[in-house]
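The values are calculated or read from the model by the stated rules, or taken from the named source; none is laboratory data. Quick caveat, the model's predicted, so the values are computed rather than measured. Don't worry about glycine lacking a Cβ; one is built from the backbone with ideal geometry, like all the others, and counts go over all protein chains shown. Calculation scope for accessible area: heavy atoms of the full protein, side chains included, ligands and nucleic acids excluded. Shrake-Rupley method; radii C 1.70, N 1.55, O 1.52, S 1.80 Å.
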Amino acid sequence: MTNLFILLTGMPGCGKTTIIKRIVEELKKNGNNNMKGFYTGECRDASGERTGFDVHTLDGSSTALARINSPTNKSSSYKVGKYNVYVSDFEAMCMKYMESHDESLLVIDEIGKMELFSKKFEAAIRNFLNIDCNFKILATVPLKANINLIDQLKNHKNARLFHITKSNRDEIYTEIYDALQDMLAN
């Protein structure tokens, strides 16, 4: 079997993560629990201002991915804009999903600048591009990243790319879900 990727791309805030979460819930509702992976979520303070991002695994664990102000017990030498990125926490939470190849659907939200600070994560993504094993991936990638690896993913011969916008996100959902169902059936 060949590697199969369904990739969602679009500008920040267009609904990529919402679609990922909706797909995971619908698959679970329909009895498909053969999934592993993670999605990201925004953290906001009491006033509603975004203060960072968390990583949530499909099995219910979570950890901080990035914060504007680092808690006293965390330090980071990685930054994206105003956010300190906690690579070791991300790796401890998520690499177990990336390193085990089986027939489950691997959900990765997202393959982006923050996550790619992890050399282990980057190596795992490169491995997915270069090996032939029985795995299927549903992932999000930034629309504009200027990162060679993301361009390679988007142009991979077995990738199907969906461009999400605020105006098409509801209507494109069915097309994405159907493509995923076809991928899972093969």
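Odds and ends about this structure:
- In region 74-119, the C-alpha radius of gyration followed by the widest Cα-Cα span (Dmax) gives 12.1, 38 angstrom.
- In units of the compact-protein estimate 2.2 N^0.38 Å, region 83-186 shows a Cα radius of gyration of 1.11.
- Each label was represented as a point 7 Å from its Cα along the Cα-to-Cβ direction; for Thr51 and Lys144 these points are 3.0 nm apart.
- Computed over the Cα atoms of the chain, the ratio of the radius of gyration to the Kirkwood radius (Rg/Rh) comes to 0.95.
- Residues whose amide H lies under 5 Å from that of Ile108, counting only those 5 or more places away or on a different chain, are Phe38, Leu138, Ala139, Thr140; hydrogens are built 1.01 Å from N in the peptide plane.
- Diffusion constant of region 1-92 at 20 °C, which comes from Stokes-Einstein with the Kirkwood Cα-pair radius and 1.002 mPa s, µm²/s: 142 µm²/s
- 28 Å Cα-Cα reach of Lys113 towards lysines, excluding residues that sit fewer than 8 places from it in its own chain: Lys16, Lys21, Lys36, Lys74, Lys79, Lys82, Lys96, Lys136, Lys144, Lys154, Lys157, Lys166
- Note on the chain: with neighbouring protein chains present and a 1.4 Å probe, carbon and sulfur make up 45 percent of its accessible heavy-atom surface.
- Using the Karplus relation 6.51 cos²θ - 1.76 cosθ + 1.60 with θ = phi - 60°, the per-residue 3J(HN,Hα) values for region 92-99 come to 4, 7, 10, 5, 4, 6, 6, 8 Hz, with x marking Gly and Pro.
- Of the beta bridges in region 36-174, as assigned by DSSP with both residues counted there, near 70 percent are antiparallel.
- Shown in residue order for region 120-128 are the 3J(HN,Hα) couplings computed by the Karplus curve 6.51 cos²θ - 1.76 cosθ + 1.60 at θ = phi - 60°: 5, 5, 4, 4, 5, 5, 4, 4, 4 Hz (x for Gly and Pro).
- Within straight-line reach of Lys119, meaning a Cα separation under 18 Å, sit the following aspartates and glutamates at least 8 residues removed in sequence or on another chain: Asp89, Glu91, Glu99, Asp109, Glu110, Asp151.
- Under the Karplus curve 6.51 cos²θ - 1.76 cosθ + 1.60, θ = phi - 60°, whole-Hz ³J(HN,Hα) for region 43-52, x wherever Gly or Pro sits: 10, 10, 7, 4, 7, x, 6, 5, 10, x
- Gaussian network model of the chain, Cα within-10 Å springs - most flexible of Thr40, Thr18, Thr140: Thr18
- Probe 1.4 Å, protein heavy atoms only - accessible area per residue of the chain in square angstrom: 50 Å²
- Across region 51-186, Cα pairs under 8 Å and at least six residues apart give a relative contact order of 17 percent.
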